[in-house]
Amino acid sequence: MSDLKIEKYSIGVGDRFAHQAKAQLQAFIRAASEGAPAVPVWNKSNREHNIVGSEPSAVRAAADKAVADLGWTKTYYVDADHINLTTVDRFLEPSNFFTLDVADAIGKPANPADVEAFLSKHPELTGTVQIPDIPEPFEITPEVATAWTNKFLFAVQDAGKIYRKIESIKGKGAFITEVSMDETDSPQTPTELLLILAAIAAAGIPIQTIAPKFTGRFNKGVDYVGDIVQFEKEFGDDLAVLAFAIKQYGLPDSLKLSVHSGSDKFYIYAPIRRQILRFGAGLHLKTAGTTWLEELIGLSEAGPEGLALAKEIYAEAYSHREELCAPYATVIDVDPAKLPAPEEVNGWTAEQYSGALRHDQENPAFNPHLRQLLHVGFKVAAKMGQRYLTMLEKCEQSISRNVTANLYERHLKPLFLDGID
Ligand SMILES: [Zn+2]
């Protein structure tokens with residue numbers, strides 16, 4: 001069998017309660033029929049599995065079933081999202097895409113002899129570094145090169161250890177490797193990315209997608225906050241760096257950028273699209289919780305019972321807002337003063353509920369604080385267990401309509417189909 005090679009365009013989709021794979025796949029079928037050949041990657045992190053109480057094998061089962069039911073003949077993947085050496089085991093069998101999360105290892109010192117050996121093997125990373133398609137050359141002093149190597153080499157070595165563990169079980173070329181560094185405080189610059197890719201190649205990792213931390217704020221389920229012009233410039237420079245590193249270091253030519261917390265970042269979709277078209281580059285964009293929010297919207301629109309459950313989930317999330325938000329402090333901005341009281345929400349019509357929650361910034365009823373709270377509130381539904389799942393099944397039509405439309409209209413279409421001026 002030849003090595004697995006990721007398609008040019010892929011979108012990560014999350015299905016927290018394993019009921020929406022079919023509705024999600026419908027969006028890809030529709031996009032393919034309109035001329036956007038993106039493939040789905042079902043992702044679920046170890047953290048999500050722990051909160052929901054699910055197993056990675058269930059993600060595989062749901063994906064396989066959706067693919068069989070709908071007759072999808074293209075590729076699809078199951079992503080062990082944000083795993084490390086201690087959490088990878090239960091993902092080994094069901095996954096064929098692995099996101100090696102080494103963000104926590106950034107800044108940990110590597111062996112000084114390794115740092116020296118790396119730098120002496122890579123004189124091209126010091127001095128004036130000219131990358132095609134980046135007008136200004138990078139000026140990297142020996143001190144800066146040493147500082148960056150100290151900052152990133154240990155993390156990349158860590159990724160190498162995780163990679164080799166997976167390879168020893170699954171075999172070379174049998175899975176896609178992503179390295180993620182997004183869950184950290186400061187963004188990585190295009191120049192740092194070059195050094196990281198050199199180190200990844202040196203560690204023997206056949207990386208196909210890389211998730212740096214980009215400039216700006218990628219809050220969960222809501223739009224991008226930051227300087228869009230600067231984002232586009234850096235995104236373009238990152239693409240130039242990737243193209244250069246593929247040639248310079250012999251990395252897989254399928255290597256592409258992966259945008260984490262990518263759902264609902266509507267402000268940057270046109271810039272992303274412009275830049276990938278400019279470079280002829282691929283793209284992986286991860287979404288996850290956006291689908292769970294569509295489950296709630298679908299419930300609220302499905303009739304009195306569904307609406308009552310959606311309200312109950314909000315009331316529970318509201319009363320546990322501090323503990324629900326705490327683990328996500330760096331990726332949400334919820335102002336408690338802007339959250340409606342549950343008594344108020346309990347009086348809402350379906351239209352009011354879905355209007356506050358649905359990510360339509362033109363709608364004056366849209367409330368990003370409520371949306372972010374519910375985004376992290378899936379634990380409440382997980383606790384309801386079978387009662388929640390039964391209602392998902394009962395309200396399936398209304399939910400799948402929303403799940404498909406959200407992925408197609410608000411994600412696949414602007415990223416891969418809309419015209420660019
Ligand atoms: Zn991530």
Using a 1.4 Å probe on heavy atoms of the protein chains only, the accessible area for residue 47 in Å², nearest 10, reads 90 Å²
In terms of the alpha carbon gyration tensor, root eigenvalues a ≥ b ≥ c, rounded if a/c is under 1.5 and otherwise prolate when a/b exceeds b/c or oblate, segment 162-285 is prolate
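Would you list 95, 400, 319 from the most to the least accessible area, probe 1.4 Å? Numbers along the way, then the final one.
Values: 95 5, 400 30, 319 75 Å².
Per-residue accessible area, sorted high to low, gives 319, 400, 95.
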Over the chain, with neighbouring protein chains present, the accessible area per residue in Å² at probe 1.4 Å is 41 Å²
For the chain, longest principal axis from Cα atoms; helix 396-405 axis from its Cα atoms; angle between them, nearest 10 degrees, is 40 degrees
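Quickly rank 305-315, 25-35 as a protection proxy: mean count of other C-beta atoms within 10 Å, highest first. Walk me through the intermediate numbers first.
Values: 305-315: 20.0, 25-35: 17.5.
Final packing ranking: 305-315, 25-35.
Label segment 303-366 by shape, choosing from rounded, prolate and oblate, from the square roots a ≥ b ≥ c of the eigenvalues of the Cα gyration tensor; if a/c is under 1.5 it is rounded, and otherwise prolate applies when a/b is larger than b/c, oblate when it is not.
Numbers: a/c = 2.06, a/b = 1.34, b/c = 1.54.
Oblate is the answer for segment 303-366, as a/c is 1.5 or above yet b/c matches or exceeds a/b.
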Rounded to the nearest 10, the angle in degrees between the Cα long axis of helix 112-121 and the longest principal axis of the Cα atoms of the chain comes to 70 degrees
Per the 1/(1 + (r/R0)^6) rule, R0 = 30 Å and r from the Cβ atoms of residue 133 and residue 417, FRET efficiency to 0.05 is 0.75
For residue 128 the rounded accessible area (nearest 10 Å², probe 1.4 Å, non-protein molecules ignored) is 90 Å²
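For segment 277-340, rounded, prolate or oblate, judged on the Cα gyration tensor with a ≥ b ≥ c (square roots of eigenvalues), a/c < 1.5 rounded, else prolate if a/b > b/c? Don't skip to the answer; put the middle values down first.
On the way: a/c = 3.24, a/b = 1.48, b/c = 2.18.
Verdict is oblate for segment 277-340.
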Taking Cα atoms, the helix 289-300 axis meets the longest principal axis of the chain at an angle in degrees (rounded to 10) of 10 degrees
Close lysine pairs (segment 44-193; alpha-carbon distance under 28 Å; 8 or more apart or on separate chains) counted at 24
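With a 1.4 Å probe and all protein chains in place, put 185, 253, 360 in order of accessible area, largest first.
Numbers: 185 140, 253 110, 360 60 Å².
Sorted descending by solvent-accessible area, the residues read 185, 253, 360.
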Along principal axes, largest first, the alpha-carbon spread of segment 257-383 in whole Å comes out as 52, 30, 26
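Give me the percent of the accessible area of segment 179-294 that comes from carbon and sulfur atoms, probe 1.4 Å, all protein chains in place. Working shown, then result.
Numbers: 1760 of 3290 Å².
In segment 179-294, the share of accessible area belonging to carbon and sulfur is 53 percent.
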Ranking 265, 170 from most to least accessible area with a 1.4 Å probe gives 170, 265
Taking Cα atoms only, Rg over Rh for segment 182-228 with Rh from the Kirkwood formula is 1.05
re the chain: pairs of Cα atoms spaced beyond 28 Å account for a percent value of 48 percent
Of the accessible area of segment 303-421, computed with a 1.4 Å probe and all protein chains kept, carbon and sulfur make up a percent value of 51 percent
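The values are calculated or read from the model by the stated rules, or taken from the named source; none is laboratory data. As the structure is a prediction and not an experimental result, all values here were calculated from the model. Cβ atoms come from the backbone with ideal geometry, glycine included; neighbour counts cover every protein chain shown. These accessible areas exclude ligands, DNA and RNA; they are computed on the full protein's heavy atoms, side chains included. Shrake-Rupley method; radii C 1.70, N 1.55, O 1.52, S 1.80 Å.
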